[in-house]
Every structure is written in structure tokens, then in C-alpha cells.
1. Would you check which residues across segment 284-299 are of a type outside the set (Val, Ile, Thr), in a helix (DSSP H, G or I) and open to solvent by less than 80 Å² (accessible area, probe 1.4 Å) and list them?
2. List every residue pair whose Cβ atoms lie under 6 Å apart, where the two residues are 6 or more positions apart in sequence or sit on different chains, the first residue falls within segment 164-188 and is in contact (Cβ under 8 Å) with a residue 60 or more places away in the chain and among the small types (Gly, Ala, Ser), and the second residue, located anywhere, is open to solvent by less than 20 Å² (accessible area, probe 1.4 Å) and in a helix (DSSP H, G or I).
3. Report, by residue number, each residue of segment 197-217 that is modelled with pLDDT under 85, in a helix (DSSP H, G or I) and surrounded by 10 or more Cβ atoms within 10 Å (Cβ to Cβ).
4. Are there any pairs, at least 6 apart or on different chains, whose C-beta atoms fall under 7 Å, with the first in segment 229-247 and crowded, with 21+ Cβ neighbours inside 10 Å and modelled with pLDDT of 90 or more and the second polar (S, T, N, Q) and not in a helix (DSSP H, G or I), and if so, which?
5. Looking at this structure, is Leu95 at pLDDT 75 or above, closer than 25 Å to Lys256 by Cβ and out of contact with any helix residue (DSSP H, G or I) (no Cβ under 8 Å at 6 or more places or on another chain)?
6. Only residues that are farther than 20 Å from Ala111 by Cα and surrounded by 15 or more Cβ atoms within 10 Å (Cβ to Cβ): list them for segment 248-273, please.
7. Open to solvent by 80 Å² or more (accessible area, probe 1.4 Å) and at pLDDT 90 or above, is that true of Arg276?
8. Just one of the numbered conditions (1) outside any helix (DSSP H, G or I); (2) under 13 Å from the mean Cα position of the chain (by Cα) is not true of Ala116; which one?
Amino acid sequence: MSRSWIRIAACLLAFAPAHGRAADCTLAEIARRAQLAAAAATSAGQDQSRKLAAEAQRVTPPAEAMLNVAPDAQLSDRGKARLANIKLQMTYWRLHQHYIAEARAIESEIALAAEAARLLQSGATVKESDQKHVDVVHFLRQNFPDPKTTLATMDAAPTCDLPHVLNALEHAAADALNAIPIREQSARIQALARKHGLDMSKSAWGNSQAWLDAIPSPEERRKAKEDLTSILRARLTVALINDLQNLRTVYDFSLKKLTVFESELSRLVRERAVERVGEAWSGYIAAAPPDEKKLNALLDFMQSGNKSADPRATDARAP
């Protein structure tokens, strides 16, 4: 997050204290459930396709019935229409369940990215397996440094879902932030800097130890170190709040993408033009503002390496 410690003090009042809130579920549990839901959606699409394929097989005459006539050509007009409808239903189920699975997989990735944001705040060592999710957090920090969103009201009877967990974590971080007496600490640091003529530029804060070493009094140096540690904790907490709000935006954007695909797919099935699926989202992104183009690129990155093969890559319209 690209803001100086002096700016942090000005933003604290934006987060009102709240009490009595607790989440009964974890990010790890949300990620696990979303992964299971993604697998279940894919499996449901495959099961339905198998059932429809079996129905199509029953409708289609055996190849040996008339060896010199293609099986489809042996059907009556009514039979041909029924077979065409079955194939259309197969395409619908494959694509619809694929998009649901894709959305749930993204939900899992967002939950894991939120956990990575908490790792960054705590200063814990990032494992290699967490690096992709840390990259997501860094991308959001670079491209959306100031989300400019507010904390949503907590539900009285929360459900264990991703929006609630993200919101609960934001509120907990805001409560922790309000517990830090940063105005007093900032005032003491500035008074000390004026007293000893210390550099208060942003570059000087890159090496806080050198800044502390320039304070001649051991007692003043000890107290300044405590204040600096507290200020750093506040900076990290503000960064976490921004991370969580950005991830909430990513989640909302992923739902928008799913809605566009589902609406388009339903329309194209009615029009019997499923080969055009995906055009609506491509058109939307082509005309979208720069921020949404970045979010779309992020969704593609989050899906990389863990998404099932796109049904459109094969002939999904054949039984």
C-alpha cells in the first residue's frame, strides 16, 4: 500500500469501532467447501450429459438398420427434432455446470488470497505453495492501492460464506486498528524528529534502525522504537483492510461474469446458437473501463493451473 505513516493517522476515523462480532467459519473452510462445490458442479454436468447421451443413443437407430443410410437420416422429422433437442441440452449442461465450477474455483482462490494477505500482515514466512495467492494480493495492491470502500454492516445471523468471512475480518482488523493510539504515537515521533533534526522523508523510513540510531538518548530511542513498531502494525493492518476490500471487489466481479455467461447461455439455447457462447463477456470486457479489464486479467490468472478444460475446446455439442 503506497501511503506514508502520516497519512495513516488521517484514515483511522473512517473505521468505527464495533463489538460482539465473531466469524464461526474460516477462510480455509470456505476454500475447501468452494473446491468441493466446483468438483460437484463438474460432476453434475458430466452425469447429466451421460444420461442425455444414453437417451440420444436410444433415439438413434442402430447403424446396421440401413447400412447405406446414415442413422440420423433414418429418423422421422419428429425424431430428428427430439435428437437435436437432446444434443442442445447436453451442450447446455456441460457449459452451465462448467461456468458454475469455474466461479466456485475462483471463490476458493479468493479465500486463499485473503489468507495470504493475513500472512503478509503477520510477517509469517510465505511457503512456495502460497506464492500464487501472495501474487494476487500484490497485484491488487499495485493496481488498486486505495479501494475507497466502506465496511459493510455485519449480519445479525451470519452464514458461513465468503462475503461474511471477508467482512468479519475487515471489522476485526478495524477494531484492532482503533485500539492503536496512533495519533499520540505519531505526535511523539514528529516531536522527536524536530528535537534532533531527524529526516522525516519517506526514503529515510526505509531503514528505521538507522533512523533510531540517530537518536542520542537511549530512553528516547527505546520509546521511539515502541512507537515505530506500533505505527508499523497500524500500517500493516490498514494494508490488510485494503486487501480484504479489494478481494471483495474481485468476488463481486466474478459473480458478474457468471451472471453474464448464464444469461447469455440461456438466451443462446433458446436461439439454438450456443456456438456463440462467450461473445457477450468478450464484448463486455472490450468496452469495460481499465479497472475491470485488470480484474478480468486477474480472474484469468487465478484460474490458471487449476481449472478444468473448457468444454468449448472440444466438440461439446456432440453426444
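The values are calculated or read from the model by the stated rules, or taken from the named source; none is laboratory data. This is a predicted model, so every value here is computed, not measured. Virtual Cβ from ideal backbone geometry, glycine too; neighbours counted across all protein chains shown. For the accessible areas, the whole protein counts, side chains as well, though only heavy atoms, and no ligand, DNA or RNA atoms are used. Shrake-Rupley method; radii C 1.70, N 1.55, O 1.52, S 1.80 Å.
1. Across segment 284-299, the qualifying residues are Tyr284, Ala286, Asp291, Glu292, Lys294, Leu295, Asn296, Ala297, Leu298, Leu299.
2. The qualifying pairs are Ala173/Thr237; Ala173/Leu240; Ala173/Ile241; Ala176/Thr237; Ser186/Ala9.
3. Those that are modelled with pLDDT under 85, in a helix (DSSP H, G or I) and surrounded by 10 or more Cβ atoms within 10 Å (Cβ to Cβ): Ala204, Trp205, Ser208, Ala210, Trp211.
4. Gln245/Thr149
5. no
6. Within segment 248-273, Val260, Phe261, Glu262, Glu264, Leu265, Leu268, Val269 meet the criteria.
7. It is true that Arg276 is open to solvent by 80 Å² or more (accessible area, probe 1.4 Å) and at pLDDT 90 or above.
8. For Ala116, the failing item is (1).
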